[in-house]
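Q: Below is a structure I'd like to ask you about.
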Amino acid sequence: MSHSTRTNITLLIIDDDEDDREMFIEVVTEINKGVTCLKAANGYEALQLLSKEEILPDFIFLDLNMPRMNGKQCLLHLKNNDRLKAIPVIIYTTSKNAEDKEEAKRLGAIDFITKPSSMVALKQELENIFSKALHLR
């Protein structure tokens, strides 16, 4: 089956905060029931998961501040891997730091979301990202 005929979307959320992962997945499912969410607690776990997955995610949402392998290190690995480098990566972090944002974009992230405090705000952010991103596909 070719990529363009798949209507369901697969996301990978990489975040060491379980509550943040669960809230993210809950909001994504509210937006679109057809989304499959994979999850990993850090960059290292994510790379292990991606090396085993047959179907790669359509998008990766990546936290910056994580133990073992942080978001910037993970992003570097993703963008240096021929099999994974085309997957759009969106940084999803508590950081509001402009330098983090610039560095993430320089490393290859397509977008940067500062984690919203409410589910409503998160839903709006994600709807914006999905509508933009789906035009890119």
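Any read-out appearing in this document is the output of simple, stated calculations on the displayed coordinates, not a laboratory observation. Worth saying up front: this structure is predicted, and the values here are computed from it rather than measured. Virtual Cβ from ideal backbone geometry, glycine too; neighbours counted across all protein chains shown.
Q: Please report the net charge: other residues with Cβ closer than 13 Å to the Cβ of residue 45, K and R +1, D and E -1. Present the calculation step by step, with values, prior to reporting the outcome.
A: Details: positive: 21, 39, 52, 68; negative: 15, 16, 18, 53, 63.
Within the 13 Å Cβ shell, the charges total -1.
Q: Tell me, 72, 105 in order of fewest to most beta-carbon neighbours within 10 Å?
A: 105, 72
Q: Also, quick follow-up: Once each part is reduced to its C-alpha centroid, what is the distance from the stretch 82-118 to the stretch 19-70 in angstrom?
A: Between the Cα centre of the stretch 82-118 and that of the stretch 19-70, the gap is 13 Å.
Q: Right, something else. Sum -39500 (n - 2.57) across every DSSP H segment of at least 4 residues in the chain, then divide by the residue count to get the 222 nm mean residue ellipticity, nearest 500.
A: Calculated at 222 nm, the ellipticity per residue is -14000 deg cm²/dmol.
Q: Please report the net charge: other residues with Cβ closer than 12 Å to the Cβ of residue 17, K and R +1, D and E -1.
A: -4
Q: Students often get this wrong, so check it: of 72/123; 39/132; 33/72; 39/101; 52/132, which have C-alpha atoms separated by over 27 Å?
A: Table pairs above 27 Å Cα-Cα are 33/72; 52/132.
Q: Please compute the net charge surrounding residue 30, taking Lys and Arg as +1 and Asp and Glu as -1 over other residues with Cβ under 11 Å from its Cβ.
A: 0
Q: Once the piece of chain linking residue 26 and residue 48 is laid out straight, how much longer is it, given 0.36 nm per residue of separation minus the C-alpha distance between them?
A: Extending this stretch completely gives an extra 5.5 nm.
Q: How do 39, 79, 85 rank when sorted from fewest to most other Cβ atoms within 10 Å of their own Cβ?
A: Values: 39 18, 79 15, 85 12.
Ascending number of Cβ neighbours within 10 Å: 85, 79, 39.
Q: Name the long-range amide H neighbours of residue 62: under 5 Å, sequence gap of 5 or more, or other chain; modelled H, no Pro or chain starts.
A: Here 14, 90, 91, 92 satisfy the definition.
Q: Could you give the spread of the C-alpha atoms of the stretch 3-136 along their three principal axes, from largest to smallest, in whole angstroms?
A: Extents along the principal axes: 34, 31, 27 Å.
Q: Which residue, 86, 98, 41, tops the fluctuation ranking in a GNM of the chain built on C-alpha contacts under 10 Å?
A: The residue that fluctuates most here is 98.
Q: Listing 93, 114 from the residue with the fewest other Cβ atoms within 10 Å to the one with the most, what is the order?
A: 114, 93
Q: So what is the relative contact order for the stretch 2-103, in percent, with contacts set as C-alpha pairs under 8 Å and at least six apart?
A: Relative contact order for the stretch 2-103 comes out at 28 percent.
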